[in-house]
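Undergrad: This structure is in structure tokens; I'll ask about it shortly.
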Amino acid sequence: MKKELIERLTRYVQVDTRSNPDSGTCPSTPGQLELGRMLVDELKAIGLTDAAMDDNGYVMATLPGNTDRSVPVIGFLAHLDTAADFTGKNVKPQIVEAYDGGDIVLNAEQGIVLSPRDFPELAGYRGHTLVTTDGTTLLGADNKAGIAIIMTAMHHLVRNPGIRRGAVRVAFTPDEEIGRGPHRFDVARFGAWAAYTVDGGPLGELQYESFNAAQAVIEIRGKNVHPGTAKGKMIHASKIAMEFHAKLPAEEAPEYTEGREGFYHLIRFEGDVEHARMQYIIRDFDREKFEDRKAYLAHVAAELQAAYGEERIRIEMNDQYYNMRDKIEPVREIIDIAEEAMRSLGIEPVIRPIRGGTDGSQLSCMGLPTPNLFTGGENFHGRYEYVSVDVMAKAAETVIEIVKRFAERDWPQ
């Protein structure tokens, strides 16, 4: 299984599938279509039925059931795109066999080293087979490790018909990294009762609680006048933007929060005297606190409108997704089965909230309860990204075990 996982992952990561938030197409980049076509061919080759990709880049396929028992249809999903934060072009994956616990030289020429001094969790992977970058790109294990895990698990189930199973649906989706993954996902066509994204991190991660999430864009119009004669006339848009940001609680930012603490995060700022634009994301696990955060941003905007003129400050906010726990708790058995599957494989489930978004957050709110499973990846979105193939194998085994346990369970008729 490890050999197959390495072969798939190292091939998938060489397709540049970075999504583009400034694109109006779906998918936002052509590389995602390239990988999608590749996966459709592979799904057909390993024996899944009705494998196809639609015009928006959504890949779906079915592993037919082989039991007469009544079993709900379940699904497994991963996303095609990689983050736009760092280049994903010309990825050159490196294989580290039997990692010795020390420094890993990613790029000798540029002096780029992956070290447990900087990333202490790395030492926990002593003895594992790791896949790393060459220090000049991200790896793309987020989420191509998930794709490789699902493909390998499905291939194993096809080759082992003695493992009883209900019907399994597979989907690979575009543009998760820019928050659009489920926007054109056809839940009815997918036809699953519940699903799992395979998009987590270390061994045993099982996540079914996410942020409530919103985005805010603040546009500020200034008035530019020659600085020599600007007194009483100039209105400096960027300075108003800085004033806006200074009114937010400094300690409620990502770099100061953890666990279930929410935050405001300024993700983009552009400005000069005449015009400034600020883009924030707002996050909180508690729905009431989430609404309070949005109200406070609107209050700050109103304060500055009163000071500088209503026409000079414009704020737009939109909700992105909600805490998926509210939709998953009523079907708690999908969590119970995942926990049982992991423990049967000697894996202790690590249940903690997702301080980020997965497609499952939106899909759950769209009527498809979708918790998240681990992949073995670390340090996503940058040059120090790596993944443990040993943990990927455990993830594939977990997917297989979940399928088995769904087929063995007595379900209401």
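Undergrad: When only residues in the range 376-389 that are under 17 Å from Pro116 (Cβ atoms) and more than 16 Å from the chain's Cα centre (by Cα) count, which is surrounded by the most Cβ atoms within 10 Å (Cβ to Cβ)?
TA: In this case the residue turns out to be Ser388.
Undergrad: Could you list all residues from the range 330-352 that are free of Cβ contacts under 8 Å to residues at least 12 places away in the same chain and of a type in the set (Val, Ile, Thr)?
TA: none
Undergrad: Another question, if that's okay. Look at the range 357-375 and say how many of its residues are open to solvent by 20 Å² or more (accessible area, probe 1.4 Å) and either closer than 26 Å to Gly124 by Cα or part of a loop (DSSP other than H, G, I, E, B) (or both).
TA: Here the count works out to 3.
Undergrad: Another question, then. Quick check, is Ala148 in a strand (DSSP E or B) and not β-branched (Val, Ile, Thr)?
TA: No.
Undergrad: Find all pairs meeting these conditions: Cβ atoms under 9 angstrom apart; at least six residues apart or on different chains; first residue within the range 251-280 and under 27 Å from Gly222 (Cα atoms); second residue assigned to a strand (DSSP E or B) and of a type in the set (Asp, Glu).
TA: Taking only residues 6 or more apart or on different chains, the pairs are His275/Glu219; Ala276/Glu219; Ala276/Glu270; Arg277/Glu219; Arg277/Glu270; Met278/Glu219; Met278/Glu270; Gln279/Glu270.
Undergrad: Moving on. Filter the range 41-52 down to the residues that are buried (at least 18 other Cβ atoms within 10 Å of the Cβ) and in a loop (DSSP other than H, G, I, E, B) and list them by number.
TA: Leu48
Undergrad: Would you check which residues across the range 1-40 are under 18 Å from Val131 (Cα atoms), open to solvent by less than 30 Å² (accessible area, probe 1.4 Å) and hydrophobic (A, V, I, L, M, F, W, C) and list them?
TA: Those that are under 18 Å from Val131 (Cα atoms), open to solvent by less than 30 Å² (accessible area, probe 1.4 Å) and hydrophobic (A, V, I, L, M, F, W, C): Leu5, Leu9, Val13, Val15.
Undergrad: Right, another one. Criterion first (of a type in the set (A, V, I, L, M) and open to solvent by less than 60 Å² (accessible area, probe 1.4 Å)) does Ala301 satisfy it?
TA: yes
Undergrad: So which of Ala213, Ala195 is at pLDDT 95 or above, of a type in the set (A, V, I, L, M, F, W, C) and touching a helix residue (DSSP H, G or I) at 6+ places or on another chain (Cβ under 8 Å)?
TA: Ala195
The values are calculated or read from the model by the stated rules, or taken from the named source; none is laboratory data. Computed from a predicted model, the values in this text were never measured in an experiment. Note that we place each Cβ from the backbone using ideal geometry, even for glycine, and neighbour counts take in every protein chain shown. To get the accessible areas, we keep the full protein, side chains included, count just its heavy atoms, and leave off ligands, DNA and RNA. Shrake-Rupley method; radii C 1.70, N 1.55, O 1.52, S 1.80 Å.
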